[in-house]
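Q: First the structure, then my questions, so here it is.
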Amino acid sequence: MPLAPLPPAACLVRAVPATYTACLRTSPVAIDMAAAREQHASYVSALRETGIEVVTLPADDACPDCCFIEDCAVVTGRHALATRPGAPSRRGEVPPVAQAVARWCEVHPMEPPARLDGGDVLRVGARLFVGLSARTDAAGADQLARVAERDRLAVVRVPVAAGLHLKSLCSLAAPSLLVHAPSLDPSPFRAAGLECVETAEPAGANVLWLGDRVLVSGHAPRTAELLRARGLAVRVVEVGEFHKGDGALTCLSIRVPAVGGWTT
Ligand code: CIR
């Protein structure tokens, strides 16, 4: 029986470390730590409002990027891949995340030298679109494909020429609706039956579908309007301090699919 699109059974998040201002980022604009903590708490509330169980892992101050937990594991169903992030400074983030994910599924470690960040993986039904980016290589996509096969998912490789991750450029606003940046060629997604709408707002390309609503960044008001006009229930979340660290909505959680369902 095909899996149905369902809200996640649970979300795993990781607290903001005291060292967050030292995270990897392309722009040196000042980060406000108090605001970052407040925004993280609002993000967690927005997840909890839906009734989803949220599990919070403690921060690790030795890992300034650890709140971007999505990059550390990809849950495919009964199985998960504990990644080997593309940035060497982020590899210490993975062991506690892998341990936490093991509550729901069998976790498979990624073997070096392959590299993959969860931000490069977009789930759509029985497919995992995997961005080949500065952080994720072909060997990483191959290792994910081997784990995904166990849950009968197929990997579709997509080049990511600009931008940090595939999901910096596109994400699902609804099970069959992709929002994407102008720089992303949507043809592989159209070929998979998705309707694709472009947004010119950089923060608008990363939204988070949660079943009865979609989270949209406060930095993407036009995207929020576009999705409302399509009848979607939009929940705006302020994550500006995480945009400063090159992150967005999806990267702040790992979504565990419900039994019999898939989630993005
Ligand atoms: C990094 O450069 O790795 C972090 N500062 C941002 C990671 C964002 N992750 C994501 O969008 N999945």
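Read-outs throughout are calculated quantities, based only on the coordinates presented, and are distinct from any laboratory measurement. The shown structure was predicted, so the numbers you read here are calculated from the model rather than taken from an experiment. Please note: Cβ atoms are built from the backbone with ideal geometry, for glycine as well, and neighbour counts cover all protein chains shown.
Q: Is the C-alpha gyration tensor of the chain telling us rounded, prolate or oblate? Criteria: a/c under 1.5 is rounded; beyond that, a/b larger than b/c is prolate, otherwise oblate.
A: Taking the square roots of the gyration eigenvalues as a ≥ b ≥ c, the chain is rounded.
Q: In nm, what is the difference between 0.36 nm times the number of residues separating Arg157 and Arg222 and their Cα-Cα distance? Before the final figure, lay out each step's value.
A: Values: separation 65, 0.36 × 65 = 23.40 nm, distance 2.96 nm.
Separation in residues times 0.36 nm, less the Cα-Cα distance, equals 20.4 nm.
Q: Any idea what the dipole of the range 132-225 comes to, in debye rounded to 20, about its Cα centre with Lys/Arg Cβ at +1 and Asp/Glu Cβ at -1?
A: Working: 9 positive and 10 negative charges, 42 e Å.
Magnitude of the dipole: close to 200 debye.
Q: So, one more: Compare Ile69, Ile254, Ile31 in a GNM of the chain, Cα atoms joined below 10 Å, and give the one with the largest fluctuation.
A: Greatest mean-square fluctuation among the candidates belongs to Ile31.
Q: For the range 1-106, which trypsin sites (Lys or Arg not before Pro) are both in a DSSP coil and crowded by at most 13 other Cβ atoms within 10 Å?
A: Arg78, Arg103
Q: If every alpha-carbon in the range 49-90 counts as one equal scatterer, what log10 I(q)/I(0) does Debye give at q = 0.14, 0.15, 0.18 1/Å?
A: Here the Debye-derived log intensity ratios amount to -0.43, -0.49, -0.68.
Q: Let me ask something else about it. What share of the DSSP beta bridges in the range 141-264 is antiparallel, in percent to the nearest 5?
A: Numbers: 6 of 14 bridges.
If we restrict to bridges inside the range 141-264, about 45 percent are antiparallel.
Q: Restricting to Cα pairs below 8 Å that are 6+ residues apart, what does the relative contact order work out to for the chain? Please round to a whole percent.
A: On the way: 610 pairs, mean separation 66.8, N = 264.
Averaging sequence separation for qualifying contacts and normalising by length gives 25 percent for the chain.
Q: Give me Thr83, Thr263 sorted ascending by neighbouring Cβ count inside 10 Å, so fewest comes first. List each step's numbers first, then the result.
A: Details: Thr83 32, Thr263 23.
Ordered from fewest to most neighbouring Cβ atoms within 10 Å, Thr83, Thr263 come out as Thr263, Thr83.
Q: Mind checking the dipole of the chain: about its Cα centre, +1 per Lys or Arg Cβ, -1 per Asp or Glu Cβ, Debye to the nearest 20?
A: Working: 26 positive and 27 negative charges, 98 e Å.
My answer is approximately 480 debye.
Q: Output needed: Cys residues of the chain lacking any neighbouring Cys C-beta below 4.7 Å, sorted by number.
A: Cys11, Cys23, Cys67, Cys72, Cys105, Cys170, Cys196, Cys251
Q: Once label points are set 7 Å from the Cα along Cα→Cβ at both Arg78 and Ala34, what is their separation, rounded to one decimal in nm?
A: In this crude label model, Arg78 to Ala34 measures out at 5.1 nm.
Q: With a cut-off of at most 16 other beta carbons within 10 Å, and DSSP calling the residue loop, which GluC sites (Glu not before Pro) in the range 9-93 qualify? Please list them. The partial results should precede the final answer.
A: Working: sites: Glu38, Glu49, Glu53, Glu70, Glu93; in loops: Glu49.
Those that pass, being in a loop and sparsely packed, are Glu49.
Q: Can you work out ³J(HN,Hα) from phi for every residue in the range 38-52, in order, using Karplus 6.51 cos²θ - 1.76 cosθ + 1.60 and θ = phi - 60°, giving whole Hz and x for Gly and Pro?
A: Couplings: 5, 5, 5, 4, 5, 4, 4, 4, 5, 5, 5, 3, 7, x, 6 Hz.
Q: What's the long-distance tail for the range 77-121, i.e. % of Cα pairs beyond 14 Å?
A: On the way: 457 of 990 pairs.
Everything past 14 Å amounts to 46 percent.
Q: Mean residue ellipticity at 222 nm from the helices of the chain, using -39,500 (n - 2.57) per DSSP H segment of n ≥ 4 over the full residue count, to the nearest 500 deg cm²/dmol? It would help to have the intermediate numbers written out before the result.
A: On the way: 7 runs with 59 residues, N = 264.
For the chain, the value works out to -6000 deg cm²/dmol.
Q: Ok, one more. First check a/c for the range 1-90, with a ≥ b ≥ c the square roots of the eigenvalues of its C-alpha gyration tensor; if it is under 1.5, answer rounded, and if not, answer prolate when a/b is larger than b/c or oblate otherwise.
A: oblate
Q: While we're looking at this one, here's another question. Using θ = phi - 60° and the Karplus form 6.51 cos²θ - 1.76 cosθ + 1.60, what ³J(HN,Hα) does each residue of the range 215-228 get, whole Hz, x for Gly and Pro?
A: 7, 10, 5, x, 8, 9, x, 6, 5, 4, 5, 4, 6, 4
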